[in-house]
Structures are given as C-alpha cells and as structure tokens.
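We did not get these values from a lab; they are worked out from the coordinates using the rules stated. Not measured: the values here are computed from a predicted model. FYI the Cβ positions are ideal-geometry reconstructions off the backbone, even for glycines, and counts take in every protein chain you see.
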Amino acid sequence: MAVASMSMPGRMGTPRDLDDYSHYSALSDEELMQLAIERSLTEDHTSINAIQSSPPVNVRPLVPVIENGDLKALKEIVKCNPKSLFVPNEDGWISLHEAAYYGQEECLKIILRAHPGIVNTCGTCNQTPLLLAAIFHHVNCVECLLDRGANPNIANNDGETPLLKACGKPNAEIVDHLLKYGASVHKACVQGVTPLHEAAGHDNVEICQMLLDAGAKLNTANIYGIDPFFMAAQNGRVEVLSFLISKGVDMNCQACDGATPLYEASKNGHKEVVELLLSQKADANRTTKSGLVPLHVAVQKGHFDIVSMLIPATSKAKVQCSGISPLHLAAEHNRDWILEVLIKGGYDVNLQLAEDRSKMYEDRRSTALYFAVANNNLEAAEMLLEAGANPNLDMFNPLLIAVRRGCMEMITMLVEHGANMNASILTHPCSFPAVVMLGMKYSQILKYLMDNGCDALSCFDCTYDSKPHPPLKTLSRGRGFAEMLHYATDEDEAPINMCIQFCETINDPTISCWAGPIIDTLLDYVGHVKLCSRLIEHLDSNHDWAGIKVKAIESPVVALQPNIPEVYQDLREVLSKTTATGLPLHRRWDCAINP
C-alpha cells in the first residue's frame with residue numbers, strides 16, 4: 001500500500017466515493033493496490049497540469065512514483081503528461097536524476113525510451129545522472145546509462161567525474177564499466193586529485209591495477225604536490241603502498257611543503273607504514289621546507305614506537321643543521337618517555353635553537369632545559385641536567401623562571417647543577433642579582449639563594465648613597481616594577497638605558513610592604529654596609545622595622561651618614577652592652593632589648 005499512501009496521502013482510510021471502508025474489505029491486497037494506483041493516476045493529472053501552468057515548485061508528484069519503482073504509474077505520467085519529467089527540484093535534478101539517485105534502473109529505461117536525448121542532462125552543480133548513480137553504487141543504473149549514451153567524462157563543478165567518485169567509494173564493478181566506456185584515468189578534479197589518488201587513498205589494490213592498466217600515471221601530483229603513493233602513506237594504506245613500490249614508484253617524492261611519504265606517515269602515527277618504508281630504504285633524512293625530518297614530527301606528535309624506529313635511521317648532523325633538536329620538541333610537549341630515549345640515543349642536550357627559531361618565542365629560549373623548566377616539568381629537567389645540560393646557556397636564565405614561580409624543588413635542582421644565581425636580565429638590567437628581584441616575595445627561596453652564594457652585597461650598592469634620590473619614573477601602562485618583570489622579555493616594555501637598583505625595586509607598592517623583612521634577610525649575609533637614604537626611608541616608615549637598622553650600625557661608614565636619627569645612637573649604645581656577640585646582628589638586638 002506504499003504507493004497509494006504516497007500518491008494519495010491521507011485518502012486510503014476515507015475513500016472519497018464511499019461512506020464506509022468496509023465495502024473494500026472483501027478485496028485482496030493486490031486488488032486494493034491496483035485500485036489505489038488507478039485513483040492516483042486520475043488525480044495526478046490535475047496536479048501535473050497545474051505544475052505546467054506555473055513556475056517549478058518543490059511539489060513533484062513523480063518523485064514518490066520513481067522512489068517506489070511504480071512503473072505503471074510512471075508510464076502513465078510519461079504518456080499523459082511528459083512535461084512533468086522535466087520539472088527540476090532545487091538542485092536542478094529532473095526525473096532522470098531521481099531515477100539514478102534511487103537506483104531505479106527500470107524507471108531509467110522508461111524515461112530514456114521516451115526521451116533519449118536527456119541522458120547527459122546536468123543539474124545546478126553540473127551533476128549528471130551517471131555521476132549520481134556512481135556515487136550511490138547503483139551498478140545496474142551505471143551500466144544502463146552508459147549503454148544509452150551517457151558521457152563518463154562529464155564532471156561536476158568541482159571537477160569530479162563518475163570514475164573519480166567510483167574510485168573514492170570504491171566500487172571495482174562500476175570502475176570497470178566506466179573504463180570500458182572510455183572514462184579518462186587522467187581527468188582530475190579542481191584540486192588535482194585523480195582516480196588513482198582516490199583508489200590509493202582507500203587502499204584498493206584491484207582498482208589501482210585497473211587504472212594503471214588503463215594508462216594512469218604513478219607520479220601525477222595534485223595541486224599540493226601529493227602523488228598517489230604519498231596519499232596512501234598519509235592514510236596508512238599498507239597494501240597499496242606495497243603494490244605501488246612493486247611498480248617502481250618514487251618512495252621519496254615530496255609535496256609542495258617538502259614533506260615525504262615517510263614524514264606524513266610518521267606524523268599520522270602509521271607505525272606499519274613507517275616500518276615498511278624504512279625496510280625499503282626510504283630516506284629518513286630528507287627535510288621539509290622548514291628543515292624538519294620525520295623524527296621531529298614523530299616526537300612532536302608523541303609516537304613513541306615510530307620515534308624508536310627513526311632514531312637509528314636519522315642523521316644527527318642533519319638534525320643539527322635543522323636548527324632544532326628533537327629534544328626541544330620532546331621537552332616542549334612534555335614527552336618525557338621520548339625525551340629519555342632520545343637522550344639514550346645520544347642527542348646533544350645542549351644543542352641550542354637556531355636564532356630564527358628562537359625568535360619565534362617571546363623569551364628567546366634556546367635549550368631543551370628551558371622548555372622543561374618553563375613547563376615546570378621536574379622529571380624532564382632532572383633527566384636533562386643529569387645528562388649534562390648546562391643551565392646557563394639561555395638569554396633568560398631558567399633559574400629565573402623557577403624563582404618567579406616559587407618552585408623550590410626546581411630551584412634546588414638547578415642550583416645544584418651550577419645555575420648562575422647572579423644572572424641578570426638583558427632586557428631589564430639591574431645592579432643586583434635578578435633572582436633577588438624575582439624572589440623577594442618568597443623568604444625561604446631568598447634565604448636558600450643567599451645560603452648558596454647569591455650576591456647580597458650588591459643590593460646595597462646605590463648610586464645616590466645618602467643623597468636624596470630622584471623621583472622614580474612611572475613605568476608604561478602604570479605597571480609596578482615587579483609586574484613589569486613578569487614580562488621581562490617584552491622588548492616593547494623595556495625601559496631605555498635604565499639600570500634598576502635594589503632600593504628602587506623595593507619601593508614598588510607590590511613589594512614595599514615586605515621591605516623590612518627582605519632587608520633583614522639580606523643583612524644576614526653581608527658585612528658592614530651603608531644604607532642609602534631610600535632604604536632608611538623604608539625602614540623608618542614602619543616602627544616594627546626599627547631593629548633592622550641596627551644590623552648596619554656597626555659599619556663606620558654608617559656613623560658618618562648625615563641626618564641619622566638620634567634613635568640610631570641610642571640603639572648603638574644598647575647594642576654595645578650586649579654580650580651576645582656570636583649571634584647575627586638582628587639576634588643581638590633582640591638579646592639587647594630582651595635580656
């Protein structure tokens with residue numbers, strides 16, 4: 001009853017001529033079907049006439065007839081209203097397209113018998129009925145259309161032919177029919193993809209053989225420089241690759257960006273393809289235009305097994321020429337297990353990024369160790385340091401990164417392996433160690449650095465000494481100094497010809513609240529020093545910090561400072577009376593005032 005329901009929606013339950021459906025209860029299913037078809041044809045005449053007298057619309061009563069293979073109804077339409085066969089839908093498809101789309105071979109024959117000249121009619125996107133039949137695997141329809149004159153080389157707007165589509169599905173039987181009727185194996189789509197590309201990319205050896213027998217070329221490249229062999233490697237098609245290798249294909253062909261089949265297989269994680277290509281002596285050292293070899297991309301993507309296969313086949317000299325080590329990529333992407341195998345494979349842990357690659361990073365990083373520290377990856381950093389990584393090669397010392405983040409474990413590891421605690425920041429020079437500048441908020445870190453030889457004395461070297469200090473310049477965008485140091489490698493924000501002093505740094509509002517404890521800590525590690533006028537101002541700003549000034553009083557230089565408050569003299573007298581001379585100065589002060 002499907003045809004009746006499509007042709008007469010809603011009418012089978014309530015026949016127009018009868019009050020009671022029970023009048024039909026004695027009819028068989030076949031008789032009911034015949035009655036429904038007759039009524040459908042009678043009523044469709046009116047609607048078809050209406051379509052002819054008005055612009056084309058989506059109401060096309062022959063579509064359900066074709067979809068359901070209602071041959072009798074279709075013959076009646078062809079006989080009584082042939083113009084309805086040419087009413088297009090929104091895609092420009094006419095009845096022949098619909099028959100090809102639904103795979104109704106007999107419908108095709110009826111329509112073409114009446115109108116053979118429409119066999120190559122194209123829709124809005126230049127789709128022929130043959131193309132639709134090939135796309136939807138309707139083998140009989142393809143054969144029917146070809147027998148009746150369909151042109152197998154008419155392409156759609158994207159340049160796709162029926163043969164290209166049949167190879168992409170793929171369907172060997174349809175390919176065979178198309179080739180027999182003269183389909184071109186050389187005709188490519190707008191992107192340069194040929195039928196052999198499609199067959200290779202879908203791992204169909206049978207179709208590849210058919211195309212080659214028909215004259216297809218092995219090395220035809222698309223607009224991206226990709227040939228069929230490359231496409232097979234890209235998609236992990238081992239069987240087709242083996243077949244094409246036996247045909248003498250170039251295994252080291254390169255795409256427009258310089259990538260090789262081995263590079264693409266390594267990138268996409270096709271282990272079996274990589275194994276096959278290496279066994280056939282594919283070149284693991286051929287570089288892309290950016291200078292990378294397959295090992296680089298395998299590390300970047302984290303394909304451990306492929307990395308293990310590529311290491312013995314990759315030239316370390318070639319890697320060095322590339323300006324980037326696989327170690328950089330392993331550390332950058334936290335591939336610790338790959339980092340370990342690369343180190344064991346003998347890759348240089350101190351190889352630095354080439355300048356053009358280093359410039360791609362705002363902080364101008366250059367070593368694998370820097371990447372590990374920047375990622376706060378303790379395990380990776382430890383592996384690199386144990387393997388001999390130098391922690392002092394980068395323009396911005398990795399120790400500064402660890403200090404800024406307050407990561408005590410990373411700091412300890414770097415210091416134990418010789419990190420320079422007195423390193424400076426080239427873009428923001430200061431007269432004292434940069435680690436002090438970045439670690440002021442972390443008292444434990446500051447003490448650890450001082451305990452291990454950080455230069456505390458330079459913090460008290462001031463250009464202005466006891467003289468009044470000039471006003472501090474307002475930094476760009478209103479940033480405080482400490483915040484600016486968070487962007488210490490931003491060259492656009494760097495002050496010009498400015499060497500920051502400790503007393504200026506500690507004046508920053510984000511740090512000044514800790515000025516007393518910071519100075520107190522530093523004084524534990526220096527001898528006789530002279531406090532400049534600005535440091536004294538800081539200490540005088542909080543009465544709880546009065547005792548801290550005592551640590552510098554014993555310096556004869558301090559005694560000569562003009563305008564020292566009288567309380568200093570009183571403090572010296574109290575301090576001189578204590579016998580706790582073996583203690584640090586600030587503890588001596590505690591003993592003096594709390595005997």
message: Using all alpha carbons of segment 69-120, what is the percent of pairwise distances in each 10 Å bin, ordered from the shortest bin to the longest?
response: 25, 64, 11
query: Efficiency by 1/(1 + (r/R0)^6): what FRET value for residue 378 and residue 512, r their Cβ-Cβ distance, R0 = 30 Å, to the nearest 0.05?
result: 0.35
task: Set the Förster distance to 30 Å, then compute FRET efficiency between residue 217 and residue 304 from the Cβ-Cβ distance, nearest 0.05.
output: 0.20
task: For residue 409 and residue 540, calculate 0.36 nm times their separation in residues minus their Cα-Cα distance, and state this gained length in nm to one decimal.
output: 43.6 nm
- line: P(r) over all Cα-Cα pairs of segment 323-420, 10 Å bins from 0 to the longest distance, whole percent per bin, short to long, reads 18, 56, 26, 1
- request: Just grab the label-to-label distance for residue 422 and residue 499, each label 7 Å out from Cα along the Cβ direction, in nm (one decimal).
  value: 1.4
query: To the nearest 20 debye, what is the magnitude of the charge dipole of segment 86-153 about its Cα centre, counting +1 on the Cβ of each Lys and Arg and -1 on the Cβ of each Asp and Glu?
result: 180
query: With respect to the cross-link table entries 217/316; 109/169; 247/301, which display a Cα-Cα separation exceeding 30 Å?
result: 217/316; 247/301
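Which entries of 359/441; 447/551; 83/165; 441/551 have Cα-Cα distances beyond 25 Å here?
Distance filter (> 25 Å) returns 359/441; 83/165.
What translational diffusion coefficient, to the nearest whole µm²/s, does segment 218-320 have by Stokes-Einstein, given a Kirkwood radius computed over alpha-carbon pairs, a temperature of 20 °C and 1.002 mPa s viscosity?
Working: Rh = 13.3 Å.
The estimated diffusion coefficient comes to 161 µm²/s.
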- line: Scoring only Lys, Arg, Asp and Glu (+1, +1, -1, -1) among other residues with Cβ under 14 Å from the Cβ of residue 228 yields -3
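Where nothing but the Cβ of Lys and Arg (+1) and of Asp and Glu (-1) is charged, how large is the charge dipole of segment 218-320 around its Cα centre, in debye to the nearest 20?
Values: 10 positive and 9 negative charges, 54 e Å.
I would put it at about 260 debye.
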query: If you place +1 on the Cβ of every Lys and Arg and -1 on the Cβ of every Asp and Glu, how big does the dipole about the Cα centre of segment 374-417 come out, in debye to the nearest 20?
result: 240
message: Considering only C-alpha atoms, what is the centroid distance from segment 114-131 to segment 207-257, in Å?
response: 33
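Just want to confirm a number: the relative contact order over segment 323-420, from Cα pairs under 8 angstrom separated by 6+ residues, in percent. All intermediate terms of the calculation are to be shown ahead of the outcome.
Numbers: 138 pairs, mean separation 25.0, N = 98.
In percent, rounded to a whole number, it is 26.
Take the Cβ-Cβ distance between residue 340 and residue 289 as r, set R0 to 35 Å, and report the resulting FRET efficiency rounded to the nearest 0.05.
E between residue 340 and residue 289, to the nearest 0.05, is 0.70.
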